[in-house]
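> Attaching a single structure in structure tokens format; questions to follow.
Read the figures in this text as sums done on the coordinates, not as results from a lab. Everything numeric in this text was worked out from a predicted model, so none of it was measured. So basically every Cβ, Gly included, is an ideal-geometry build from the backbone, and we count neighbours across all protein chains shown.
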Amino acid sequence: MKKIYTLVAAVVVAATMQAQTLADYANAGDAAMSNQKYQEAIDNYIKAQELDKDNTDYMTAFQLATAYLQVGDQQKAGDAFKASLLKGNYDQAVINNMKNAYEAAGKPELVKQSYIEIKETNPDQKMAMDKKLYYIFSKEKDWANALPCCLTMLSEEGLSDDKKKKYLMNAAQLYLNLEQADSAEVYYDKVLAIDPTNANVHKALGYGLYNTIMKIKNNAEAEYNRHKNDRSKANHYYSAMQTATKRATLNYGPKAIDHLKIANKSLNDPEVAKIISQLENNVSAYKK
């Protein structure tokens, strides 16, 4: 008889220890949240998330983030908001909550990493994330990574002419920052196809081409100055400096002059007139 009672007791214990479901833990977490027992809620939400084999339970992840905020753990709140996003909760408020939590934790770099991870996980979010990443990369002066984000923004359907011009101008400036003047000119020309008489666009294009000449010239001069005291190399680098400056002036100078002249018909800017004169003199000298 003793053995029978032991067996019955074991069955009862086994029944009470029966595995709880994701919903059980999530409901327990919600109940704890209602009673302001935030650590208990966190413990239950974490257990619920561990059972989320399909990785789709974004609501529990969101609740977990909210509980972390209540206990003041901003970084873990940011992680949980990100988990909610990755599970499919692509709501602007959740994105903002994640950003705010990471920034409050002193981890702004995690915002950028999260945006990258979100667009890689869900291509449908590429446009939204690239818009945010564009401003981050631009602020960091990371032109090489800002450019593809800008080009993504340009691919958005139904862009107004004003937005298209803005993004085209941004792309052109990024190409200039990367010292790719030819590509910049292509994008400035696209702006002019929309707004052919825009003096500011002509000025920007002219200045961009002028600045490209100056960058090439300054880089060549710097290279020469590094070697001018080496008699065996000085002549070579001086010749290279002269050649690079001449090519840049003849390649970009006439185009810059044309655009700056068009711009100055309406702007009548003395600084622009001064650059036009300088470019005309340099182009004329190198053509001799």
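> Straight-line reach only, C-alpha to C-alpha below 30 angstrom: list the lysines that Lys47 could link to, leaving out same-chain residues fewer than 8 apart.
Once the sequence-local lysines are set aside, what remains near Lys47 is Lys37, Lys76, Lys82, Lys87, Lys99, Lys107, Lys112, Lys119.
> Quick one: helix 22-34 against the long Cα principal axis of the chain, what's the angle to the nearest 10°, folded into 0 to 90?
Value to nearest ten degrees: 90.
> Relative contact order of the chain: what whole-number percent is it, with Cα pairs under 8 angstrom and at least 6 residues apart?
Rounded, it is 8 percent for the chain.
> Something else: Express the Stokes-Einstein translational diffusion coefficient of region 23-121 in µm² s⁻¹, to the nearest whole number, given a Kirkwood radius over alpha-carbon pairs, 20 °C and a viscosity of 1.002 mPa s.
Values: Rh = 13.2 Å.
Here the translational diffusion coefficient equals 162 µm²/s.
> Can you compute the modelled spin-label distance between Leu250 and Asn218, with each label point 7 Å from Cα toward Cβ, in nm?
Spacing of the two 7 Å Cα→Cβ label points: 2.5 nm.
> Just to check, using Stokes-Einstein with a Kirkwood Rh over alpha carbon pairs, what's the diffusion coefficient of region 197-288 at 10 °C and 1.306 mPa s in µm²/s?
In µm²/s, the coefficient is 114.
> Let me ask something else. Helix 74-86 against the longest principal axis of the chain: what's the angle in degrees, Cα atoms only, rounded to the nearest 10?
Approximately 90 degrees, to the nearest 10.
> Scanning the chain for GluC sites (Glu not before Pro) in DSSP loops with at most 14 other Cβ atoms within 10 Å, what's the longest stretch left with none?
Here the longest segment lacking exposed loop sites spans 1-139.
> For the chain, find the longest principal axis of its Cα atoms and tell me its angle to the long axis of helix 126-139, 0 to 90°, nearest 10.
Value to nearest ten degrees: 60.
> Exposure proxy check: Asp182, Asp79 ranked by fewest other beta carbons within 10 Å?
Asp182, Asp79
> Could you tell me the calculated FRET efficiency between Asp91 and Thr197, based on Cβ-Cβ distance and R0 = 51 angstrom, to the nearest 0.05?
That pair, Asp91 with Thr197, gives E of 0.75.
> So what does log10 I(q)/I(0) come out to for region 59-196 at q = 0.10 Å⁻¹, using the Debye formula with one equal point on every Cα and no solvent?
For region 59-196 at q = 0.10 Å⁻¹, log10 I(q)/I(0) is -0.41.
> In the P(r) worked out for the chain, what percent of Cα pairs fall beyond 27 Å?
Value for the chain (Cα pairs over 27 Å): 62 percent.
> So what's the back-of-envelope 222 nm ellipticity for the chain, counting only DSSP H runs of four-plus at -39500 (n - 2.57) apiece and dividing by all residues, rounded to 500? Before the final figure, lay out the partial values.
Values: 14 runs with 236 residues, N = 288.
Taken over the chain, the calculation gives -27500 deg cm²/dmol.
> Whole-Å semi-axes of region 111-186's equivalent ellipsoid, largest first, each the root of 5 times a Cα gyration tensor eigenvalue?
Numbers: eigenvalues 89, 50, 17 Å².
In descending order the semi-axes read 21, 16, 9 Å.
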